[in-house]
Amino acid sequence: MDAGTVWAGIAQVATLVLLLVLVHRPLGDGMARMYSSLRHMRVERGVYRVIGVDADASQSWQTYLRGVLLFSLVGVLFVYALERLQAVLPYGLGLPGMTPALAFNTAVSFVTNTNWQNYSPEATVGYTVQMAGYAVQNFVSAAVGMVVVIALVRGFAARRSGTIGNFWVDTVRTIWRLLLPASFVFAIILIAGGVVQNFLDPTTVHTLAGGTQTIAGGPAASQEAIKEFGTNGGGFFNANSAHPFENPQAWTNLVEIFLMLAIPFSLPRTFGVMVGDKRQGYAILAVMGILFLVSLSAMSIAELGAGGTATHVAGAAMEGKEVRFGILGSTLFNTTSTVTSTGAVNSMMDSYTPLGGMMAMLNMMLGEIAPGGTGSGLYGMLILAVITVFIAGLLVGRTPEYLGKRIGSREIRLAALYILVTPTLVLVGTAVSLVIPGVREQVLGTSIFNPGNHGLSELLYAFTSAANNNGSAFGGLTGNTTWLNSALAVAMLLGRFVPMVFVLALAGSFAAQDKVPATSGTLPTHRPLFVVLLTGIAVIVTALTYFPVLALGPLAEGLVR
Amino acid sequence: MLGTRQDRRHRSTAQPCSSRHLIGCCSRCRSSGVAGHLESEENLVFDVFVVAGVLALFGVVALIAKGVERL
């Protein structure tokens, strides 16, 4: 790897950081205003009237959660019906309906903001399902994640209140005022960069070698913008953002990376504004930034330092990577995709070095908090902040309170349960797939392409990605089997909504408390010490939970090589 | 995002299969997960099973929420 390429990569990162610094304040402040405003727009009032919602009524956490679950349940059933009835829908491209297991997996996947895809989109789904099913869920699933964290922030900001906002109002505003306008603008920008947007049937062309090739098109740009902005990640094409029709150039690559990070890196500012202390938001932002840069550096170093004959012949470890992006354009994209809950890829993780691939896995295992998905990243980080304050309180005898809210037995139990959900789904799901007779034979015989350590990594990655609602795949796993379609769907659904139960319960618990004034016994949570503590807790919790299985998979593979 | 290595082989030649195909008529049908007509009755049973399963999963989440209220 020559110095010029490395500097080009550094310039990309510097440009990205500059863009995020410029945008986080207006976007963060704008979101705070949007969620705090008492005024409804005319269109919004029309929506509330149609769905029969009292927009001025604030809800308890239980009612708020009921809204989340009901809305998502309807979403799953609607997308499932679209997929199964595809043969009779317009713009179906002559494609039949999906099989039930695959339709179940995919419907859950898009509603939970995971966007895991066990199918090849251009050969499986027509334009109606893509637009009315998947694109719509790209908007609403992102909105659901955001409103849940806003409910938690309101819990911190409230005093002796039994309510945390109105789910329907928050969701409608998020979609109408933020996601739709921004996605429209960025879809135009991506079209200018060469991303396709049409309703043509697949085109058959004659190649120079005398053969024929079928080239799929479709309304990709309109889906691409929200795919990244909502940290969804589901590709319009199978190759996802490695496909030239989704991500044609180096600058569209940078735009897509920026879109993935814009909301997650702005939400801490929203949090700071809403709790009345912007320094609190910046402390959280600092932890996110540190973890992001460390992860990016580790993955890039692993890929830049890869050895082997093929690497030397090619001049770099380019297997599975696009020449137009290069190594650093690929690691920047894939790090961003896995530290957020996006899961889009512009290069194939299965071809990464064992340690490079492990970094992608670690990003997800951290709980996708650096900066995480739209909403889900910040609430994951705030839960860790609660745990950090509690542990620090135990260590140095400080009063366990965060932002003036006491962390008692109920709060710490909710936070601990939140932390346990995802690892349980990941580790139990992986273990069960390799232990149960019948299932084991199917997984080893049909699904795992590479046996040994790498095969374990492929399976572990799948459950990690599903339970964390990321959606990226290692690529070497055949997921379209009855077992993996079903098991991964269960992991996605429970990995999305069970943590939300604990987050909203915590929001309700904090909202009901009065604020206690800071004393000399209060741990300052806006200082560098807290940033270091929170970073350490995030890493240690992950390391203790996942180290054994990582040692059997990517670590063993990397050390043997 | 993307699915499988098997799928990746398909992406360079990906084209829609005809809805008149029967299940298993070609490797692309098998790998892309589309259903043929012969499977339709069996699939209806699966549909009921899936809908019941989705309702059950959301029910489990709701039950957990009930339990959390008592914490």
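The values are calculated or read from the model by the stated rules, or taken from the named source; none is laboratory data. Note that the structure is a prediction, hence the values are computed from the model and not measured. Positions of Cβ are generated from backbone atoms using ideal geometry, with glycine treated the same way; all protein chains shown enter the neighbour counts.
Within the stretch A:161-181, if we keep just the residues that are in a helix (DSSP H, G or I) and of a type in the set (Ser, Thr, Tyr), the residue that is farthest from A:Met34 (Cα to Cα) turns out to be A:Thr171. Whether any residue in the stretch A:56-67 is in contact with a helix residue (DSSP H, G or I) (Cβ under 9 Å, 6 or more places away or on another chain), under 30 Å from A:Arg279 (Cβ atoms), outside any loop (DSSP other than H, G, I, E, B) and modelled with pLDDT of 95 or more is what I want to check. Among the residues of the stretch A:56-67, at least one is in contact with a helix residue (DSSP H, G or I) (Cβ under 9 Å, 6 or more places away or on another chain), under 30 Å from A:Arg279 (Cβ atoms), outside any loop (DSSP other than H, G, I, E, B) and modelled with pLDDT of 95 or more, which makes the answer yes.
Quick one: count up the residues across the stretch A:408-422 that are without any contact (Cβ under 8 Å) to a residue 24 or more places away in the chain and facing another protein chain (nearest Cβ under 9 Å).
So the answer is 2.
If you go through the stretch A:51-63 one residue at a time, do you hit one that is without any contact (Cβ under 8 Å) to a residue 40 or more places away in the chain, surrounded by fewer than 15 Cβ atoms within 10 Å (Cβ to Cβ) and aliphatic (A, V, I, L, M)? No: zero hits. For the stretch A:75-92, residues that are in contact with a helix residue (DSSP H, G or I) (Cβ under 9 Å, 6 or more places away or on another chain), at the interface with chain B (Cβ under 10 Å from one of its Cβ atoms), more than 19 Å from A:Asn469 (Cα to Cα) and hydrophobic (A, V, I, L, M, F, W, C) total 1. Scanning the stretch A:228-283 for residues that are among the hydroxyl-bearing types (Ser, Thr, Tyr) and away from chain B (no Cβ under 14 Å), we see that the one that is nearest to A:Val125 (Cα to Cα) is A:Thr252.
The selection criterion, being among the hydroxyl-bearing types (Ser, Thr, Tyr) and within 10 Å of another protein chain (Cβ to nearest Cβ), holds for A:Ser472. Does any residue of the stretch A:535-552 turn out to be over 21 Å from A:Val386 (Cβ atoms), modelled with pLDDT of 90 or more and outside any helix (DSSP H, G or I)? No; the residues of the stretch A:535-552 include none that is over 21 Å from A:Val386 (Cβ atoms), modelled with pLDDT of 90 or more and outside any helix (DSSP H, G or I).
No other residue among A:Thr338, A:Thr331 is in contact with an Asp or Glu (Cβ under 6 Å, 6 or more places away or on another chain), modelled with pLDDT of 95 or more and surrounded by 24 or more Cβ atoms within 10 Å (Cβ to Cβ) apart from A:Thr331.
For the stretch A:268-287, the condition holds for no residue, the condition being that it is at pLDDT 95 or above and within 16 Å of the chain's Cα centre (by Cα). Given the structure, is A:Gly372 within 17 Å of A:Val294 (Cβ to Cβ), outside any helix (DSSP H, G or I) and either away from every other protein chain (no Cβ under 14 Å) or modelled with pLDDT of 95 or more (or both)? Against the criterion (within 17 Å of A:Val294 (Cβ to Cβ), outside any helix (DSSP H, G or I) and either away from every other protein chain (no Cβ under 14 Å) or modelled with pLDDT of 95 or more (or both)), A:Gly372 qualifies. Every listed requirement among (1) in a helix (DSSP H, G or I); (2) surrounded by fewer than 23 Cβ atoms within 10 Å (Cβ to Cβ) is met by A:Asn450 save one, (1).
Remark: pairs (first residue in the stretch A:90-105, assigned to a loop (DSSP other than H, G, I, E, B); second residue of a type in the set (Asp, Glu); Cβ separation under 7 Å; 6+ apart in sequence or on different chains) = A:Leu93/A:Asp201; A:Gly97/A:Glu83. For the criterion of being without any contact (Cβ under 8 Å) to a residue 12 or more places away in the chain, aliphatic (A, V, I, L, M) and either more than 26 Å from A:Gly235 (Cβ to Cβ) or buried (at least 22 other Cβ atoms within 10 Å of the Cβ) (or both), A:Val294 passes.
Among the residues examined, A:Leu95 does not qualify as facing chain B (nearest Cβ under 10 Å) and surrounded by fewer than 16 Cβ atoms within 10 Å (Cβ to Cβ).
Residues in the stretch B:30-59 that are within 25 Å of A:Leu425 (Cβ to Cβ) and modelled with pLDDT under 55: 1 in all.
Residue-wise test of (1) buried (at least 24 other Cβ atoms within 10 Å of the Cβ); (2) under 19 Å from the mean Cα position of the chain (by Cα); (3) not small (Gly, Ala, Ser).
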site: A:Val149; (1), (2), (3): yes, yes, yes
site: A:Ile164; (1), (2), (3): yes, no, yes
site: A:Pro181; (1), (2), (3): no, no, yes
site: A:Asn198; (1), (2), (3): no, no, yes
site: A:His206; (1), (2), (3): no, no, yes
site: A:Ala220; (1), (2), (3): yes, no, no
site: A:Thr231; (1), (2), (3): yes, yes, yes
site: A:Ala242; (1), (2), (3): yes, yes, no
site: A:Trp251; (1), (2), (3): no, no, yes
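Residues in the stretch B:57-71 that are aliphatic (A, V, I, L, M) and more than 7 Å from every other protein chain (Cβ to nearest Cβ): B:Val60, B:Leu63. For the structure I just gave you, tell me whether A:Phe497 is assigned to a helix (DSSP H, G or I) and at pLDDT 95 or above. Yes, satisfied. Here the stretch A:485-495 is the region considered, the condition is being more than 18 Å from the chain's Cα centre (by Cα) and facing another protein chain (nearest Cβ under 10 Å), and the residue that is farthest from A:Gly235 (Cα to Cα) is A:Ser486.
Restricted to the stretch A:297-328, and to residues there that are of a type in the set (Ser, Thr, Tyr) and more than 29 Å from A:Gly373 (Cα to Cα), the residue that is surrounded by the most Cβ atoms within 10 Å (Cβ to Cβ) is A:Thr311.
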